[in-house]
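S.K.: Have a look at the structure that comes next, please.
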Amino acid sequence: MFEGLRFSHWHAETDAEGIVVLTLDRAGASVNTLGREVMDELTQILERLALEPPKGVVIRSGKPTGFIAGADIREFESYEKQGGVLASVERGQRVFQNLARLRCPTVAAIHGFCMGGGTELALACRARVATRDPKTRIGLPEVMLGIIPGWGGTARLPRLIGAPQALPLMLTGRAAGAEEARSLGLVDVLTTPELLLEAAKEAVRHPPVRAFAQRLRAWATNLWPVRQILAPIVRRQTAAKVRPDQYPAPFALIDVWRRGGANIAQRLKLEARAVAKLAQTPTCHNLVRVYFLQERLKSLGAGSEASIRRVHVIGAGVMGGDIAAWCALRGFAVTLQDREMKFIQPALDRARELFAKRLKTPERIKPATDNLRADVDGAGIADADLVIEAIFENLEAKQALYRSVEPKMKPAALLATNTSSIPLDELRTAVDAPGRFLGLHYFNPVAQMPLVEIVRHDRLDPANEKTALAFCKAIDKLPVPVKGTPGFLVNRILMPYLLEALRLYQEGVPGPVLDKAAKKFGMPMGPIELADTVGLDVCASVGKEVGAYLGLEIPDGFDALLAAGKRGKKTGEGLYKWENGKAVKPEVDPNYQPPADITDRMILPMLNEAVACLHDGVVDDADLLDAGVIFGTGFAPFRGGPIQHIRSEGPDKIRAQLEALAAKYGKRFAPKAGWDGAALRAED
């Protein structure tokens, strides 16, 4: 059937029944993406299949890790710079339309990740078969890049599974697991990886019939009157979470769906035009940049084999216990040590909750539970490849611990601290072999925060740094190497923001007003709520260490709160009261007028300190700084990071704003060294 055609990325086989199996195995790549060459080859294949329809077509991946990761983002970026996004999107739509029009059953055989364009390819098939495997995830995450699905996702998914089910998936970019995808009707059949191809062929022989209720729901929720009623409701729900001026893509998606009619050609046209328009926005440019920053952090741990198999964590508090649980979840054998079992048990209880939430079924939960063992006596130290210290923030206590632990460790084992602020050049003086000592600074909550700071010092062995980077990759964290000065990168930049917010709070600005101003800028959580969430005791400890280094003082009132046991969320009260894990924020007088400069007073110190960190070499370059602050603090992703935001606004403008604040409020706002740096004016 394919005589005379030669392909680099697709492999076509026709079995004895006449079923064509198309296998995508993109040459020279570890994952499948739908680049221009891949799509051009698929066009040729589909043209031949249209002329000589086989009994059926199965599309599968030749990569063991996943189906298709989506479009090639680097190619998309080049199209945007050349003004060719619309043509590129329309070209992709034509390819998938040709797939959808084939006069034979077509089945997507999905194992592992299936994202973006991969999901849109699957939607263009008549049926979808997937593996019942935790690695199988299906989604349309385009909004995370500041655009919307452009190869038929908005045109097909609501009509397949119903708008109330489809819109939340597309508006959040969330991926569905295999079982959820099956219950939604996104997947027709679930099977095992070993039987995937045979199950897909069976779907060709006997095409799955969707339940009448599913078909009725899909039809009814996409009628024109229903769309006009439902769209404003969904828009209001979305506006409660994100602002249209900051993240326009979700709102564009709702509008495309609302306006789309029964004709798929019209729906595709609306979709393509929306993608082309969104691709020109600063939000899209910055979110694509954040995507590549994330890929860079992932790549830091690549190429080095993680020699770590066993982990021993000392300190079963919130951080230590959660670090231990996360490592166990990711397959490492972990021992958790503290003075008594009563300190370890709460950590084990939290770990079981994490395993149940993430792993769902007993057969998957049990191995993770077995990986984590209590170890009051510290017997696990002798076998550990990595020992992580996670006790309270006190230089002398940590140094004493290292002196007692190091003689029990294997010669090649790494010793790491989770300190959030103490300089490693001070801590490492208590270590006999400082080359194996480093910082692994996780962020709270460990299960949700993706970043880990790999903290360096002047005696760290570079080979051990590579081992730590590989370990972070193995536990699915994003590592950023940082200099071991007080606060490292994230806390050094975050503390001026938090301390200034607390100063405003002491001056009488209500906490909800401060939180609202910060969230309006784009922060995921306001500073007062954040301080309570982190813990006022932690804020005080880190604030004193970092504040002394930066010449900043902790505002009055902290000591009284701590003395009264009010440490924030974990004690039920801090700056706010907390009920059922949520802050109970006081009502604000509707006539209250906040100071006009509260946002500048909170945000500009962050930008000032980011410039100082870059100048001081806390990280290797501006991109790593932006990545660390975005993934460590949630700094407004649509702004691209603090350095990128400075570039967008203009460094001279922001420097002048700092000088004006310094003249009004004092030297803490004075521009620091580095504002003349070339990196602040570098092109994106």
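Only the coordinates and a few stated rules stand behind these numbers; no lab work does. This is a predicted model, so every value here is computed, not measured. Here the Cβ positions follow ideal geometry from the backbone for every residue, glycine too, while neighbour counts run over all protein chains shown.
S.K.: So, with +1 on the Cβ of K and R and -1 on the Cβ of D and E, and no other charges, what is the size of the charge dipole of the chain about its Cα centre, to the nearest 20 debye?
M.R.: Values: 89 positive and 80 negative charges, 490 e Å.
Computed charge dipole of the chain: roughly 2360 debye.
S.K.: Which whole number of Å³ per residue matches the convex hull of the alpha-carbon atoms in segment 148-273? Kindly include the intermediate steps, with their values, before the conclusion.
M.R.: Values: hull volume 15.3 nm³, N = 126.
Normalising the Cα hull of segment 148-273 by residue number yields 122 Å³.
S.K.: Follow-up. For the chain, what does the helix formula give at 222 nm: sum of -39500 (n - 2.57) over DSSP H segments with n ≥ 4, over the residue count, nearest 500 deg cm²/dmol? All intermediate terms of the calculation are to be shown ahead of the outcome.
M.R.: On the way: 28 runs with 335 residues, N = 684.
When only DSSP H runs of four or more count, the value is -15000 deg cm²/dmol.
S.K.: Among DSSP beta bridges whose residues both lie in the chain, state the antiparallel percentage, nearest 5.
M.R.: Values: 16 of 63 bridges.
Around 25 percent of the beta bridges assigned by DSSP in the chain are antiparallel ones.
S.K.: Once you sort the root eigenvalues of the Cα gyration tensor of segment 97-169 as a ≥ b ≥ c, which label holds: rounded (a/c under 1.5), prolate (a/b larger than b/c) or oblate (the other case)? Before the final figure, lay out each step's value.
M.R.: Working: a/c = 1.61, a/b = 1.12, b/c = 1.43.
Taking the square roots of the gyration eigenvalues as a ≥ b ≥ c, segment 97-169 is oblate.
S.K.: Another question, then. Under a straight-distance cross-link criterion of Cα-Cα below 17 Å, which lysines are reachable from K667, leaving out those fewer than 8 residues away in the same chain?
M.R.: Cross-link targets: none qualify.
S.K.: Sticking with this one: Search the structure for amide H atoms under 5 Å from the amide H of L451, placed 1.01 Å from N in the peptide plane, and list their residues when 5 or more places away or on another chain.
M.R.: Those lying under 5 Å, H to H, from L451 are L478.
S.K.: Dimensions of the chain along principal axes (Cα, Å, largest first)?
M.R.: 77, 62, 48
S.K.: Once you sort the root eigenvalues of the Cα gyration tensor of segment 28-75 as a ≥ b ≥ c, which label holds: rounded (a/c under 1.5), prolate (a/b larger than b/c) or oblate (the other case)? Before the final figure, lay out each step's value.
M.R.: Details: a/c = 3.26, a/b = 1.60, b/c = 2.04.
Note, shape of segment 28-75 comes out oblate.
S.K.: Now for a separate question. Going down the list K398/K477; K566/K664; K342/K582; K398/K483, which pairs span over 31 Å between their C-alpha atoms? Don't skip to the answer; put the middle values down first.
M.R.: Numbers: K398/K477 25 Å; K566/K664 33 Å; K342/K582 27 Å; K398/K483 19 Å.
Flagged as over cut-off: K566/K664.
S.K.: Related question: Once phi is turned into ³J(HN,Hα) by the Karplus curve 6.51 cos²θ - 1.76 cosθ + 1.60 with θ = phi - 60°, what whole-Hz value does each residue of segment 158-165 show in order, with x for glycine and proline?
M.R.: Once rounded to whole Hz, the list reads x, 6, 7, 10, x, 4, x, 8.
S.K.: Let me ask something additional. Name the lysines eligible as straight-distance cross-link partners of K357: C-alpha to C-alpha under 18 Å, and not fewer than 8 places from it in the same chain.
M.R.: By straight Cα distance, K357 reaches K135, K366.
S.K.: How long is the gain from D425 to A262 if the chain were fully straight, where each residue apart is worth 0.36 nm and the alpha carbon distance is subtracted?
M.R.: Details: separation 163, 0.36 × 163 = 58.68 nm, distance 6.66 nm.
Taking 0.36 nm per residue and subtracting the Cα distance, the gain is 52.0 nm.
S.K.: Next question, about the same structure. If amide H atoms are built 1.01 Å from N in the plane of the peptide, which residues on other chains or at least 5 residues away come under 5 Å of the amide H of I110?
M.R.: Amide H neighbours of I110, under 5 Å, 5+ apart: V129, A130, T131.
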